[in-house]
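Structure first, commentary second.
The values are calculated or read from the model by the stated rules, or taken from the named source; none is laboratory data. None of the values given here were measured: they were computed from a predicted structure. Using ideal geometry, Cβ is built from the backbone for each residue, glycine included, and neighbour counts are taken over all protein chains shown. What goes into the accessible areas is simple: the full protein's heavy atoms, side chains included, and nothing from ligands, DNA or RNA. Shrake-Rupley method; radii C 1.70, N 1.55, O 1.52, S 1.80 Å.
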Amino acid sequence: MFLGLDSSTQSISALIIDPTTGTVIADESVNFGDDLPQYGAPSGFIPGGKGGEVHSDPLMWLDALDLLFSKLAEKADLSSVSVIAGSGQQHGSVYLSPGFEETVGKLDATQGLSAQLAATLSRPTSPIWMDTSTAAECAEITASLGGSAEVCSRSGSVAIERFTGPQICKFSKTDPEGYASTQRIHLVSSFIASVLAGKSLPIDYGDGAGMNLMNLKDLAWDEKLLQATAPDLAAKLLPPSSCLVPQGTMSAYFTEKYGFSPDCKICPFTGDNPASLVGMGATSPGQVVISLGTSDTFFAAMPEAKTDPNGYGHVFGNPAGGFMSLICFLNGSLAREALRDELGVDWTAFDKDALTATSASAGKNLTLPFYGAEITPRHDFGKPVTSFSEEASPALRIRSLLEGQFLNMRLNSAWMGVTTDRIRLTGGASNNDGIAQVVADVFQAPVERFEVVNSAALGAALVAAAAGGHDLVSLQEIFCKSAPGPLIEPDTSLAGKYTTALADFGKLLQQTIHAQ
Ligand code: ADP
Ligand code: XUL
């Protein structure tokens with residue numbers, strides 16, 4: 001059996017597969033807000049950060065890992081798991097003192113992970129992908145490389161606030177002592193993998209590309225970017241590696257506590273989006289995936305690394321080899337939740353029936369769907385901006401917010417030049433038929449959903465099986481199955497309305513950005 005683990009923004013989940021029977025044996029999840037309320041992070045991050053700072057407590061991730069395995073051990077015989085692979089929310093970073101390597105290798109199974117590893121954090125909290133606080137550092141790194149084009153051609157993205165390099169740069173400037181006492185910097189993905197293996201495991205190519213530090217040409221840390229970012233940075237990072245090659249075995253803590261085999265191999269973990277590319281059966285060019293998790297993302301495998309002329313898009317490593325292009329929207333599920341809560345309704349108000357009732361108003365009322373800072377496009381909007389031609393009833397506000405999210409996605413994904421003949425939809429909000437229908441209508445493409453909604457954890461499990469000798473393409477054919485029922489077809493009578501709305505949305509966006 002093979003286990004895939006995904007440490008995301010709001011939850012950590014695991015999925016165990018048996019490739020010989022083509023079945024999912026177990027699927028378990030721990031929600032940070034609901035299951036660990038003592039951390040005061042209802043959506044997985046510490047609320048109230050100043051100046052765009054968004055941090056999470058890595059001890060919460062460790063408690064969640066213990067809880068996840070204790071639940072999983074009740075459902076499956078973990079001694080049969082031969083390889084573990086995994087993924088993490090991208091860009092977030094964990095800072096560790098020299099005590100980490102020693103402590104993580106000899107953890108006491110009678111105690112918890114967080115209690116034993118707390119003292120090894122050289123920075124108590126971790127900046128995550130939602131953090132937009134490093135504009136000054138992005139400008140410094142860009143200037144030191146001689147311009148955005150140079151940063152982008154080396155790393156696959158212009159300098160981006162949430163990316164790990166600018167975050168490290170800020171830490172080294174604001175807390176030089178804390179930075180100096182940091183021996184190892186991990187991503188969320190490589191941190192969790194290292195805890196499992198009882199030693200530091202490398203960052204993988206897929207997730208490493210989200211740092212503004214890795215050169216895409218040779219998949220190694222880029223000397224110039226390292227130098228522009230922080231002193232002695234090379235020594236704090238292990239050389240990047242492939243997520244398909246195991247680099248360690250399960251540490252005694254997990255074998256004693258949860259019954260894993262000491263021979264169970266651990267692969268370097270990748271990012272949640274690269275893992276999702278695998279779990280959506282989309283590692284070959286030609287498939288487009290939209291993921292509606294905490295962030296909304298739009299991504300596709302690319303035959304060659306192609307960069308966004310506007311600087312919002314990114315090139316990450318494709319776990320199957322080559323590259324993927326991605327754009328990320330900060331105002332995804334949390335913006336939908338904000339409107340839901342503001343109107344005092346539940347998700348049924350976003351259902352297909354509720355949205356069909358307002359279809360005559362498709363494209364008529366515009367909303368820039370941003371409850372604060374957005375990353376695509378990069379601007380702090382403060383609150384949603386609306387331009388309604390009808391009275392703004394709750395039902396029309398919901399339709400308009402969703403249309404705004406997907407018009408913005410359509411507008412900002414055009415540079416990829418991928419044909420959206422069919423869209424593969426995943427993430428927590430993809431369950432919602434109404435939201436899925438608006439995606440189909442705005443993109444004028446059929447939407448397909450898969451049996452397994454947690455595509456990152458499934459992708460990780462498939463990577464584990466591939467690392468264990470199975471063929472990745474055959475695994476995808478077996479496990480990436482369409483959900484029962486027909487595809488969600490677009491209402492083609494709305495095509496013209498959305499072409500007009502797209503142009504109007506683009507104008508409103510530009511006017512707002514330039515006026516603010
Ligand atoms: P992540 O992996 O980023 O932690 P998930 O992919 O698990 O996130 O998605 C979680 C989000 O899914 C929640 O924030 C919630 O708003 C959204 N969600 C869950 N169910 C629904 C639903 N029925 N309709 C709309 N959104 C939903
Ligand atoms: C991608 C991004 C998010 C996180 C969290 O660039 O920032 O999608 O990976 O899911």
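List of remarks:
- Here the 3J(HN,Hα) profile of segment 348-361, calculated from phi with Karplus coefficients 6.51, -1.76 and 1.60 at θ = phi - 60°, is 4, 5, 9, 6, 4, 4, 4, 6, 4, 4, 10, 5, 5, 9 Hz, Gly and Pro shown as x.
- Between Thr356 and Glu391, the contour length at 0.36 nm per residue exceeds the Cα-Cα span by 10.8 nm.
- Extreme residue, positive dipole direction of segment 2-274, given options Ser189, Ser11, Gly40 (C-beta unit charges): Ser189
- Considering only alpha-carbon pairs that sit under 8 angstrom and 6 or more positions apart, the relative contact order computed for the chain is 15 percent.
- Of all accessible heavy-atom area on segment 2-274, the percent that carbon and sulfur account for (1.4 Å): 53 percent
- Annotation: amide H of Gly372 within the under-5 Å range of Phe381, Gly382, Lys383, sequence separation 5 or more or interchain, hydrogens built in the peptide plane.
- On a per residue basis, segment 410-516 carries 42 Å² of accessible surface, using protein heavy atoms and a 1.4 Å probe.
- Part-to-part distance (alpha-carbon centres) for segment 428-459 and segment 100-128, which is given in Å: 37 Å
- Value at 222 nm in deg cm²/dmol, rounded to 500, when DSSP H runs of n ≥ 4 in the chain each add -39,500 (n - 2.57): -11000 deg cm²/dmol
- Stokes-Einstein D for the chain, Kirkwood Rh over Cα pairs, 10 °C, 1.306 mPa s (µm²/s): 69 µm²/s
- P(r) tail fraction, segment 317-389 - alpha-carbon pairs more than 19 Å apart, %: 53 percent
- Segment 403-516, accessible surface, carbon-and-sulfur percent (1.4 angstrom probe): 53 percent
- Extents of segment 159-254, taken as max minus min of Cα coordinates on every principal axis and listed largest first, are 38, 33, 21 Å.
- Residues of type lysines that Lys224 reaches as a straight line, Cα spacing below 29 Å, ignoring anything fewer than 8 places off in the same chain: Lys170, Lys173, Lys199, Lys236, Lys306
- Tyr95 accessible area, 1.4 Å probe, all protein chains in place, Å² to nearest 10: 0 Å²
- Neighbours of Gln38 by Cβ distance under 11 Å: Lys/Arg scored +1, Asp/Glu scored -1, total -3.
- Extending 7 Å from Cα along the Cβ direction at Ser284 and again at Gln227 yields two label points whose distance is 4.4 nm.
- Using distinct alpha-carbon pairs, which all enter the 1/r mean, Kirkwood radius of segment 2-274 in Å: 18.7 Å
- Cβ-placed point charges (K, R +1; D, E -1), dipole of segment 2-274 about Cα centre in debye, nearest 20: 420 debye
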